[in-house]
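These notes concern the structure reproduced below.
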Amino acid sequence: MKQLFVFVAAALISSAAISQARTSTAEFQKIMQPAVVTEVLFPEKTVSKAIEDKMEKMGYKGKDTKGFFTFLGVRIPSIGADSYDFYFKTERKSKKEKDITVITMLVSSGYEKFISDTGNAVVINNSKAFLNTFQDVISAYDLEQQIIEQEDISTKATKKLISYTEEGQDLQKKKKKIEDDIKDNEKDQANQKAESEKQRQILETLKSKRK
């Protein structure tokens, strides 16, 4: 029991550590710029699509800008009163940790003027809090994708069941027709047997009249 508690505690600590955003730097156009970084427990492809989905639902369409996925003129009151440009990059943490993705976010006040914690600590701290929500955001997105995929699988399975059911009904009809045909054939055999015997007897009678 003690070992189980230690394992669970370690897992919780690990999860918490991964979900906490921190200040860092990132290269943009060969220049190191201030950035906010976090790690999430999902593959890179899922993370990038989840970020795009989240921003689009907020009304912002992204574009690729020099290796970053960029959203311009974003207004999020919880980050700051002004509008900002967000630059996102998602990368697999390592070859061994392929299910952990590093999210790097640059925040610009416009025209690639990137904000640092020394320049505007409030915006950067709020940006870290914003990134800290991404584990749940991506979890929700991933769940919805699983539901969509499972709905498709379930629909196909139901269609196949309907197809097999209809095929079974057709086979039952064919089976009944064959059974009816067999019964009719048995009657025909019996009738024809009687007719054949009758005609044979007539033939024998005729033959017996030979002199």
Practice item. Check Asp82, Asp117 and return the single one that is part of a loop (DSSP other than H, G, I, E, B) and surrounded by 15 or more Cβ atoms within 10 Å (Cβ to Cβ). Key: Asp117
Revision key, fill the gap. Reported set for the range 83-100 where residues are within 24 Å of the chain's Cα centre (by Cα) and aromatic (Phe, Trp, Tyr) is Phe88
Check your understanding: In the range 23-59, which residue that is closer than 17 Å to Leu106 by Cα and free of Cβ contacts under 8 Å to residues at least 24 places away in the same chain is least open to solvent (accessible area, probe 1.4 Å)?
Key -> Glu52
**Study point:** Output for the range 85-113, where each listed residue is of a type outside the set (Val, Ile, Thr) and part of a loop (DSSP other than H, G, I, E, B)
**Key:** Lys93, Ser94, Lys95, Lys96, Glu97, Lys98, Asp99, Ser109, Gly110, Tyr111, Glu112, Lys113
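Each row is one residue, and each column tells you yes or no for (1) assigned to a helix (DSSP H, G or I); (2) aliphatic (A, V, I, L, M); (3) under 37 Å from the mean Cα position of the chain (by Cα).
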| residue | (1), (2), (3) |
| --- | --- |
| Ala129 | yes, yes, yes |
| Tyr141 | yes, no, yes |
| Glu167 | yes, no, yes |
| Asp180 | yes, no, no |
| Asp184 | yes, no, no |
| Gln199 | yes, no, no |
| Glu204 | yes, no, no |
Exercise for review: Being out of contact with any strand residue (DSSP E or B) (no Cβ under 6 Å at 6 or more places or on another chain) and open to solvent by less than 60 Å² (accessible area, probe 1.4 Å) is the filter here, so list the residues in the range 135-153 that pass it.
Suggested key: Val137, Ser139, Ala140, Tyr141, Asp142
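The values are calculated or read from the model by the stated rules, or taken from the named source; none is laboratory data. Just so we're clear, the structure is a prediction, and the values are computed from it rather than from any experiment. When we count neighbours, we look across all protein chains shown, and the Cβ atoms used for this are built from the backbone with ideal geometry, even at glycine. These area figures cover heavy atoms from the full protein model, side chains too; ligands, DNA and RNA do not enter into them. Shrake-Rupley method; radii C 1.70, N 1.55, O 1.52, S 1.80 Å.
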